[in-house]
Amino acid sequence: MIKVERLTKKFGDNLAVDDVSFTAKPGSVTGFLGPNGAGKSTTLRCIVGLTRPDSGTSSVLGRDYRTIANPGVQVGVLLDSSAMHPGRSGFETLMLSALTIGASKARVQQMLDLVKLDKYAARKRVKAYSLGMRQRLGIALALLGSPEVLILDEPANGLDPMGIAWMRGLLRNFADNGGTVLLSSHLLHEVEQIADQLVLINNGQIKTAGPKAQLLAGGNLESLFLNMAGEGVY
């Protein structure tokens, strides 16, 4: 479970996250949605300890993420696939993480197979990867430690339609087996297909949150999103 309570973060005069509270539950996919600059990425960074909030709290599996011993075996995180070292191969990137968290070489190969990076791709340096390949490697890194929770920011970015369908099935299966998925994405159609819960944020504030079936009764996610963002439906 992920629990966020009254989280607030300012950068200078910019109130990026304003009293944000929500919960992502086990066995479900929670779609975390909002326009660019709405506060999604800052919230996710606060949850995983990369940004310190000014006030409020967040917990993952009942603990502050920063206090979790060896978090990679409990929480899988993909916030920015471009942050991987460009000079390492895909295999080296995974092996280094495996050594850090105590995963086996066999697990590395399992993850390469899962994300469909073959032997040739695994030997290539990350700087030669397409965006879609980096996203697949990022998912492999997130899943390497067999975590209970996934926190993902735009994981389908750069994937082709087959890759997006693959990602959808992967995340649905993870949640159906009891995992917690917190998914930030601009692909509203995909989120509408996979999410169980929705959290919509704009201008740093939660505008609406709840079960997808309840929030979309008689409508669709695009209409809900555009109305929340103040754009209306054209």
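The values are calculated or read from the model by the stated rules, or taken from the named source; none is laboratory data. The shown structure was predicted, so the numbers you read here are calculated from the model rather than taken from an experiment. Counting neighbours? That spans all protein chains shown, and the Cβs are built from the backbone with ideal geometry, glycine included.
Condition (residue is surrounded by 23 or more Cβ atoms within 10 Å (Cβ to Cβ), assigned by TED's automatic domain parsing to the domain that holds residue 206 and touching a residue at least 60 places away in the same chain (Cβ under 8 Å)) applied to the stretch 3-15: is it met by at least one residue? For the stretch 3-15, residues surrounded by 23 or more Cβ atoms within 10 Å (Cβ to Cβ), assigned by TED's automatic domain parsing to the domain that holds residue 206 and touching a residue at least 60 places away in the same chain (Cβ under 8 Å): absent. Taken over the stretch 16-25, residues that are farther than 24 Å from residue 179 by Cα, among the β-branched types (Val, Ile, Thr) and surrounded by fewer than 23 Cβ atoms within 10 Å (Cβ to Cβ) amount to 0.
Restricting attention to the stretch 19-68, which residues are aliphatic (A, V, I, L, M) and either more than 14 Å from residue 151 (Cβ to Cβ) or not assigned by TED's automatic domain parsing to the domain that holds residue 193 (or both)? Selection gives 20, 33, 38. Scanning the stretch 26-35 for residues that are part of a loop (DSSP other than H, G, I, E, B) and surrounded by fewer than 23 Cβ atoms within 10 Å (Cβ to Cβ) yields 26, 27, 35.
Could you list all residues from the stretch 113-140 that are within 28 Å of residue 68 (Cα to Cα) and either touching a strand residue (DSSP E or B) at 6+ places or on another chain (Cβ under 7 Å) or among the β-branched types (Val, Ile, Thr) (or both)? Write out each step before concluding.
Here is the first cut: in the stretch 113-140, the ones within 28 Å of residue 68 (Cα to Cα) are 114-115, 134-140.
Across the stretch 113-140, the qualifying residues are 115, 138, 139.
Quick check on residue 38: is it in contact (Cβ under 8 Å) with a residue 12 or more places away in the chain, surrounded by 20 or more Cβ atoms within 10 Å (Cβ to Cβ) and more than 28 Å from residue 177 (Cα to Cα)? Criteria met by residue 38.
Residues of the stretch 186-199 being surrounded by fewer than 22 Cβ atoms within 10 Å (Cβ to Cβ) and not acidic (Asp, Glu), which ones? 186, 187, 188, 189, 193, 194 - these are the residues of the stretch 186-199 that are surrounded by fewer than 22 Cβ atoms within 10 Å (Cβ to Cβ) and not acidic (Asp, Glu). Does residue 49 satisfy the criteria of being out of contact with any Asp or Glu (no Cβ under 7 Å at 6 or more places or on another chain), touching a residue at least 12 places away in the same chain (Cβ under 8 Å) and buried (at least 21 other Cβ atoms within 10 Å of the Cβ)? No, not satisfied.
Among the residues of the stretch 4-45 satisfying the criterion of being of a type in the set (Lys, Arg) and touching a Ser or Thr at 6+ places or on another chain (Cβ under 9 Å), which is nearest to residue 168 (Cα to Cα)? For the stretch 4-45, the residue satisfying everything is 25. Scanning the stretch 126-162 for residues that are in contact with a Pro (Cβ under 8 Å, 6 or more places away or on another chain) and among the basic types (Lys, Arg) yields one hit, 127.
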